[in-house]
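Student: Right, I'll just put the structure down here and ask away after.
The values are calculated or read from the model by the stated rules, or taken from the named source; none is laboratory data. Predicted model only: the values in this text are computed from it and were never measured. Counting neighbours? That spans all protein chains shown, and the Cβs are built from the backbone with ideal geometry, glycine included.
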């Protein structure tokens, strides 16, 4: 399941297929990388809000009346329900079908979010949808080895079909200002606020309650402030906790446009990943980790097998036990008082990300896998 180094064959192009949300980081990175390699990328797209029969009808018609000057039908993240139609069209028109689920619906909706009971009808439905969407394609992508093993051992995916493709980052968006690279390891000359940044959708796997508990432990450190951007499932609980504890060192902000995130990251002293203790949290490397590291920031996140597949604790990232607010507070306090270490880890992270995880590198591995599937 490691990244292949096979010689690339000539593929005509890639069709991004389904009711996907335009602009999601995973598929955006891949598309930009493919375009940098000179490969044609087309779309067969309708709104995900359309009911399934309507969506299938519209996708079928769009596909059949398209030029079909591509070799690969790529079904991007979260589009499990669109895989059966993609598979049928692939068979009819002799294209290979690649599914990039990014998550398991069962794992996300049942075990991580707790939307339904483990043995409920909804749980059964989502697990079967997972199994079907992983069985039909010619190639299944996973963002980590840990996720790949979950797809194989728990959801019946074929080991011969599953390949690991890291998420990577969009270097056109998450980039340093002109001259920024030369300043990566520089130390601020004057004392200023040490800003700890988190952004996300407040899912249980993000572990935001752990972050605000760490902020409480550091409330007397006047130079350390927390900026939390986003909203979602646990936001109201977090907001209530911050208000009840009177945490003046925590600033809560609702979601900001994606285009604003690089500026927020650039202004931060330290960035945070995820701290949840769910099984899913231990299998993923979230977008924010790649994005912040790509801008030369030290990232503190929960230790997991998935994170260790790519990064080394104390060298390119800083790890703490999942859900451990005390350890997180200690790590933040250490980095705030050790500017040389904070700058050095961020600089090494930057170099690693730009060497291995730019969009072009991700796309090269994707094409290797597609060539394997073609045979």
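Student: Among the residues in region 124-133, are any in a helix (DSSP H, G or I), in contact with a strand residue (DSSP E or B) (Cβ under 8 Å, 6 or more places away or on another chain), surrounded by fewer than 22 Cβ atoms within 10 Å (Cβ to Cβ) and modelled with pLDDT of 95 or more? Let's see the steps before the verdict.
Tutor: So the first thing to find is which residues in region 124-133 are in a helix (DSSP H, G or I), and the list is 124-133.
Checking the rest, the ones that are also in contact with a strand residue (DSSP E or B) (Cβ under 8 Å, 6 or more places away or on another chain) come to 133.
Then drop every residue that is not surrounded by fewer than 22 Cβ atoms within 10 Å (Cβ to Cβ), which leaves none.
Within region 124-133 (the criterion being in a helix (DSSP H, G or I), in contact with a strand residue (DSSP E or B) (Cβ under 8 Å, 6 or more places away or on another chain), surrounded by fewer than 22 Cβ atoms within 10 Å (Cβ to Cβ) and modelled with pLDDT of 95 or more), the answer is no, since none of the residues qualifies.
Student: Could you grab me the full set of residues in region 275-294 that are outside any helix (DSSP H, G or I) and in contact with a strand residue (DSSP E or B) (Cβ under 6 Å, 6 or more places away or on another chain)?
Tutor: Passing the criteria: only 275.
Student: Can I ask one more? Is it fair to say residue 301 is in contact (Cβ under 8 Å) with a residue 24 or more places away in the chain and in contact with a strand residue (DSSP E or B) (Cβ under 7 Å, 6 or more places away or on another chain)?
Tutor: Against the criterion (in contact (Cβ under 8 Å) with a residue 24 or more places away in the chain and in contact with a strand residue (DSSP E or B) (Cβ under 7 Å, 6 or more places away or on another chain)), residue 301 qualifies.
Student: Something else: Here is a list of conditions, (1) free of Cβ contacts under 8 Å to residues at least 24 places away in the same chain; (2) more than 22 Å from the chain's Cα centre (by Cα); (3) in a loop (DSSP other than H, G, I, E, B), and residue 115 meets all of them except one; can you say which number that is?
Tutor: All conditions pass for residue 115, except number (2).
Student: In this structure, is residue 97 touching a residue at least 40 places away in the same chain (Cβ under 8 Å) and more than 19 Å from the chain's Cα centre (by Cα)?
Tutor: In short, yes.
Student: Same structure again: Closer than 23 Å to residue 28 by Cβ and surrounded by fewer than 23 Cβ atoms within 10 Å (Cβ to Cβ): which single residue out of 82, 69, 143, 112 fits that description?
Tutor: Going through 82, 69, 143, 112 in turn, just one is closer than 23 Å to residue 28 by Cβ and surrounded by fewer than 23 Cβ atoms within 10 Å (Cβ to Cβ): 69.
Student: Still on this model: Provide a single number: the residues in region 301-341 that are at positive phi and in a helix (DSSP H, G or I).
Tutor: 0
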